[in-house]
Amino acid sequence: MAPRTLPNELPRRSIGFFPTPLHRLDNISAQTGYDVYIKRDDFTGRNLYGGNKIRKLEYLMGYALEQGCDYVITYGATQSNHAMQTITAARICGLNPVVYLHSVVDPDPDDLRANLLLDSIYGAEVHIVYEEEGNPLSAKERAALAGEARMKELEAQGHKVYNVPVGGSNEVGVCGYINGYLELMDQLDAMGKHMDYLFTTTGSGGTLGGLVAGKVLSESDTKIIGVCVSPKADGYSRAVTDLANRGLEHCGADCRATTEDFEVDGNFYGEGYEIPAPAATAAIRRLAASEGILLDPVYTGKAFSGMLAYLDQQKLPKGSTVVFLHTGGTTALFAEHAIVGPVNEDAK
Ligand SMILES: *Cc1c(COP(=O)(O)O)cnc(C)c1O
């Protein structure tokens, strides 16, 4: 069978290495009694610190280059994986990266860590926006405004700036995960496996939206479960569906997704974004000890703890084949202690 492809060919700049590996988790499978696999989108990039944003950025950079842009601007938290990967992608494409980062956990300027350290090695234009007591606007809101102002300034100087939304989640970026889902289906076909369940971390929703769109496009009956890393507003499933459908439209597909095509599980983020959760800490240690694979405390540790809850409590039908999408982010293990949490407590 020929590999599955998007209906229309879209501008795409090669940045990562695809297909990413898909392999079985033998020890987790033995512990839980399910047939468990992992899709390694932590191995997408030019360096060890890739992740899910690289798939989106291949299409986003393709679009920016086609538009003749010379600058790329984006947003995120100070330890944003998305910002760091956007900077990497911009450097590969010869575009100038600008990022506006809001501080959730304040960094120490004399001891930059993890993604913030990488951002500075890449020589990106980095602006950090802190919370201000008495300011009615949050750091995130002020970062968005400051970014807009910087974009206008650059445009007034004759530059063309591509504005990458938070998480790279627009109709262009989503196509990266429509394609990612098709890639995964090809791999499963080659292995003679039917994927009953697919678990992924969900934040800005572009990854989940793309996977859902890919599922609809390939007429797959896999149950997709997105595990949230922060509290979500009521309309979240609707917003993810809209992203999926904007992606389908953008790549020329006639089919459309509905909110029935996936589930969102908001039970595993603990107290909130970038706050370590005990179950996630335990999941990080368990996967490391069982399989030698590392997860991160902000995203994948929380999603994996969610999947383990389904498996350990035998909530899925016996004999199910389950895939976990590893979206990357493990640089966070080297971030500020408030973000990492007690991952090595027993070792102390
Ligand atoms: C950004 C990110 C996610 C969430 O992806 P969205 O497309 O924003 O939902 C998941 N895992 C990691 C490691 C990320 O950096």
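Of note:
- Probe 1.4 Å - accessible area at residue 29, Å² to nearest ten: 10 Å²
- Solvent-accessible heavy-atom area per residue, rounded to whole Å², over region 296-346 at 1.4 Å: 35 Å²
- Protein accessible area in the chain, 1.4 Å probe - carbon and sulfur %: 50 percent
- Surface/4 of the Cα convex hull for region 80-137, nm²: 4.4 nm²
- Beta bridges per DSSP, both residues in the chain: antiparallel share near 10 percent.
- In the full protein context, region 9-138 carries 41 Å² of accessible surface per residue, based on a 1.4 Å probe and ignoring ligands, DNA and RNA.
- Once the C-beta distance of residue 18 and residue 189 is scaled by a Förster radius of 22 Å, the resulting FRET efficiency is 0.85 to the nearest 0.05.
- For the chain, modelled as a GNM whose springs connect Cα atoms under 10 angstrom apart, the maximal fluctuation among 183, 58, 271 occurs at 271.
- Using alpha carbons only, the radius of gyration of the chain set against its Kirkwood radius gives Rg/Rh = 0.95.
- Relative contact order (%) - criterion: Cα under 8 Å, at least six apart; region: region 1-154: 18 percent
- The eigenvalues of the Cα gyration tensor, multiplied by 5 and square-rooted, give region 124-196 an equivalent ellipsoid with semi-axes of 40, 18, 9 Å from largest to smallest.
- Environment charge of residue 167, counting only residues whose C-beta is closer than 11 Å and scoring Lys/Arg +1, Asp/Glu -1: +2
- The helix-based estimate of mean residue ellipticity at 222 nm for the chain, built from -39,500 (n - 2.57) per DSSP H run of four or more residues and divided by its residue count, is -12500 deg cm²/dmol to the nearest 500.
- Region 208-348 shape via C-alpha gyration tensor axes, a/c threshold 1.5: prolate
- Span from the region 146-225 Cα centroid across to the region 230-256 one, whole angstrom: 10 Å
- Residue 345-residue 312 pseudo-label distance in nm [points 7 Å out on the Cα-to-Cβ vector]: 1.3 nm
- Relative contact order computed over the chain (Cα-Cα under 8 Å; 6+ residues apart), in percent: 21 percent
- Å³ per residue enclosed by the Cα convex hull of region 1-152: 185 Å³
- Within the shell of other residues whose beta carbon sits under 11 angstrom from the beta carbon of residue 29, the net charge comes to -2, with Lys and Arg scored +1 and Asp and Glu -1.
- Note on the chain: with a GNM built from Cα contacts shorter than 10 Å, the maximum mean-square fluctuation among 79, 313, 67 falls on 313.
- Chain lengthening between residue 135 and residue 271 when straightened (0.36 nm per residue, less Cα-Cα): 46.6 nm
- Estimated at 0.36 nm per residue, the fully extended path between residue 288 and residue 127 surpasses their Cα-Cα distance by 54.5 nm.
- Fully extending the segment from residue 249 to residue 31 would add 74.3 nm, taking 0.36 nm per residue of separation and subtracting the current Cα-Cα distance.
The values are calculated or read from the model by the stated rules, or taken from the named source; none is laboratory data. These numbers come from a predicted model, not from an experiment. Neighbour counts run over all protein chains shown; Cβ positions are idealised from the backbone, glycine included. Calculation scope for accessible area: heavy atoms of the full protein, side chains included, ligands and nucleic acids excluded. Shrake-Rupley method; radii C 1.70, N 1.55, O 1.52, S 1.80 Å.
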